[in-house]
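Following: one structure in structure tokens, then a few remarks.
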Amino acid sequence: MNRFQLFTALVLAAVLAVSLSTVQSASASTYSVNRLRYSTGTSTQMIVVTAGGYRTSYATLETFYKDRYGHWQRAFAPMAARIGYNGFAPPGAKREGDGRSPTGRYGIGPFMWGGNYNPGVHYPYRKLVFGDWWDEHTGSPTYNSWQYYPGYYPPFASGSERLWQTLPAYNYAVTIGYNTYRTVQGAGSGIFLHVGTGGATAGCISLSTQNVLNVMRWLNPNAHPLVAEGPSSVILY
């Protein structure tokens, strides 16, 4: 290769690199995480769950992380998800038992859990045992929280979930921090990311078992992960 050919090859390579970088930047700018109406704060991991409207139970879950330059990148390919059988509730309109998933931005619970053993996650993990409940009884002083009561009839039993019996949905699960801080009675409880069972949920987000495991193993408390969820037209610009 003579000098002219070498120079031409170097120029073409530079042009190709710039073009590729431009395409990648343009593609990244369309990521849902870059169009959120919510602040991502100090989070370096984001889950974005969107649907085509309020009334559908079909959604898409996307995962993003910030690279060392502060740019959002995809962690996994978009995942097919199911949400509440009555779709998403408008912001602030979620109510106990309405079959809707809440619209908004939320944190991740302090531990992960499930009926199966720890699959290798960065968070503390609790394996379900007899007596593990989620209190969903409106009016209960421990409304919307994990409770251990080794029996079938705790004071909050009405409307609450026997987690250890809700399998395979809770083979693996992550608590989404909806209505867990300054809890409002009757505003909805027990919002999780869990294993899908072939249909819509009662308000949670469900994925295939493998996708749930991928997300659980990826999430890291040091990244302060957040979940933004709702209709695309509501939570995205």
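The numbers here are math on the coordinates, done by the rules we state, and not lab data. What you see is a predicted model, and the numbers here were worked out from it, not measured in a lab. Ideal geometry is used to build each Cβ from the backbone, glycine not excepted, and the neighbour counts take in all protein chains shown.
Each of Val215, Val184 was scored by other Cβ atoms within 10 Å of its Cβ. Arranged with the fewest first, they read Val184, Val215.
Available extension along the chain between Gln210 and Gln165 is 14.1 nm, counting 0.36 nm per residue and deducting the alpha carbon span.
The loop-placed chymotrypsin sites (Phe, Trp or Tyr not before Pro) in the range 120-218, going by DSSP, that have at most 13 neighbouring Cβ atoms within 10 Å of their Cβ come out as Phe130, Tyr152, Tyr181.
Highest GNM mean-square fluctuation among Gly203, Gly151, Gly115, for the chain modelled with Cα contacts below 10 Å: Gly151.
In the chain, the longest principal axis of the Cα atoms and the axis of helix 209-218 are about 70 degrees apart.
Using the Karplus relation 6.51 cos²θ - 1.76 cosθ + 1.60 with θ = phi - 60°, the per-residue 3J(HN,Hα) values for the range 186-201 come to x, 8, x, 8, x, 9, 10, 9, 8, 6, x, 10, x, x, 6, 10 Hz, with x marking Gly and Pro. Helices in the chain, meaning DSSP H runs of at least 4 residues, each add -39500 (n - 2.57). Divided by all residues, the mean residue ellipticity at 222 nm is -5500 deg cm²/dmol. Each 10 Å bin from 0 upward holds the following percent of the Cα-Cα pairs of the range 163-226: 20, 47, 30, 3.
Sort Ile108, Ile47 so that the residue with the fewest other Cβ atoms within 10 Å of its own Cβ comes first and the one with the most comes last.
Values: Ile108 23, Ile47 26.
With the sparsest Cβ surroundings first, the list reads Ile108, Ile47.
Over the C-alpha trace of the range 66-182, radius of gyration and Dmax come out as 16.3, 53 angstrom. If a spin label sat at a point 7 angstrom from the Cα of Ser233 along the line to its beta carbon, the backbone N atoms of the range 40-57 nearer than 13 Å would be those of 51-56.
Please give me, ordered by residue number, the trypsin sites (Lys or Arg not before Pro) of the range 65-148 that lie in loop per DSSP and have at most 16 other Cβ atoms within 10 Å. Provide the component values of the computation, followed by the final result.
Numbers: sites: Lys66, Arg68, Arg74, Arg82, Lys94, Arg95, Arg100, Arg105, Arg126, Lys127; in loops: Arg68, Lys94, Arg95, Arg100.
Of the trypsin sites (Lys or Arg not before Pro), the ones in loops of the range 65-148 whose Cβ has at most 16 other Cβ atoms within 10 Å are Arg68, Arg95.
Across all directions, the average projected area of the convex hull around the alpha carbons of the chain is 15.5 nm². Between Tyr58 and Ser39, the contour length at 0.36 nm per residue exceeds the Cα-Cα span by 4.4 nm.
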